[in-house]
Amino acid sequence: MISLLAVSFAASVATARAADTPVEAKILLNTSESWDGAAYERYPAGTPELTVLRLVIAPNTALPWHQHPMPNVAYVVSGELLVEKQEGGAKKRLVAGDVLPEMVNSVHRGVTGETGVILIVFYAGVKGMKLSD
């Protein structure tokens, strides 16, 4: 449903843009699977709660291994981040402007380089649910 709304909005904005209005939309991510290719099975049951975090992670930092119980996506504002999956060792390097669909219930971590990183992370959970374990 959200994907259909986003596409519909983007299409209407594109039409509006053609008419010289000051709005431009660009879909940054449209997916039903995380960065490692695992399909999102479902949203958690309960009253929806959206959370948006701005994370500033210092240079040369390895975050603790963790997992998320709900779908979420990270947008890299600045810097560079290496994400790695604990099982199997899959890795992905992100730079400013990249968008990452995070894994659900799969242990992973992020490691910053010399410059650190600023992320905006959007979580789609339910009331009372922890963002990560």
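Tell me which residues, restricted to the range 55-102, are among the polar types (S, T, N, Q) and more than 13 Å from the chain's Cα centre (by Cα). Before the answer, list the steps.
Step one: list which residues in the range 55-102 are among the polar types (S, T, N, Q), which gives 60-61, 67, 72, 78, 86.
Result: Asn60, Thr61, Gln67, Ser78, Gln86.
Select from the range 89-115 the residues that are at positive phi and at pLDDT below 95 and list them in ascending order. Spell out how you get there, then give the answer.
So the first thing to find is which residues in the range 89-115 are at positive phi, and the list is 89, 97, 105.
Listed by number, the list holds a single entry, Gly89.
Looking at the range 78-133, which of its residues are assigned to a loop (DSSP other than H, G, I, E, B) and among the basic types (Lys, Arg)?
Looking only at the range 78-133, we keep the residues that are assigned to a loop (DSSP other than H, G, I, E, B), and these are 86-90, 96-98, 102-107, 127-133.
Lys127, Lys130 - these are the residues of the range 78-133 that are assigned to a loop (DSSP other than H, G, I, E, B) and among the basic types (Lys, Arg).
If a residue has to be of a type in the set (D, E, K, R), surrounded by 13 or more Cβ atoms within 10 Å (Cβ to Cβ) and over 16 Å from Arg109 (Cβ atoms) to count, how many in the range 34-75 make the cut?
Of the range 34-75, the ones of a type in the set (D, E, K, R) are 36, 41-42, 49, 54.
Right, trim to surrounded by 13 or more Cβ atoms within 10 Å (Cβ to Cβ) and you get 36, 49.
Those still in the list that are over 16 Å from Arg109 (Cβ atoms) too: 49.
Residues flagged as of a type in the set (D, E, K, R), surrounded by 13 or more Cβ atoms within 10 Å (Cβ to Cβ) and over 16 Å from Arg109 (Cβ atoms) within the range 34-75 amount to 1.
So Leu81 clears everything in (1) free of Cβ contacts under 8 Å to residues at least 40 places away in the same chain; (2) over 27 Å from Lys26 (Cβ atoms); (3) surrounded by 18 or more Cβ atoms within 10 Å (Cβ to Cβ) except one condition, right? Which one?
Of (1) free of Cβ contacts under 8 Å to residues at least 40 places away in the same chain; (2) over 27 Å from Lys26 (Cβ atoms); (3) surrounded by 18 or more Cβ atoms within 10 Å (Cβ to Cβ), only one is false for Leu81: (2).
Give the residues of the range 53-101 that are over 22 Å from Met129 (Cα atoms) and charged (D, E, K, R), sorted by residue number. Spell out the reasoning first.
Here is the first cut: in the range 53-101, the ones over 22 Å from Met129 (Cα atoms) are 56-62, 76-99.
Glu80, Glu84, Lys85, Glu87, Lys91, Lys92, Arg93, Asp98 - these are the residues of the range 53-101 that are over 22 Å from Met129 (Cα atoms) and charged (D, E, K, R).
Taking the range 49-77 as the region of interest, how many residues are touching a residue at least 60 places away in the same chain (Cβ under 8 Å), part of a strand (DSSP E or B) and not hydroxyl-bearing (Ser, Thr, Tyr)?
Residues that pass the stated criteria total 9.
The values are calculated or read from the model by the stated rules, or taken from the named source; none is laboratory data. Keep in mind that this is a model prediction, so the values were computed, not measured. Neighbour counts are summed over all protein chains in view; Cβ atoms, including those assigned to glycine, are modelled from backbone coordinates with ideal geometry.
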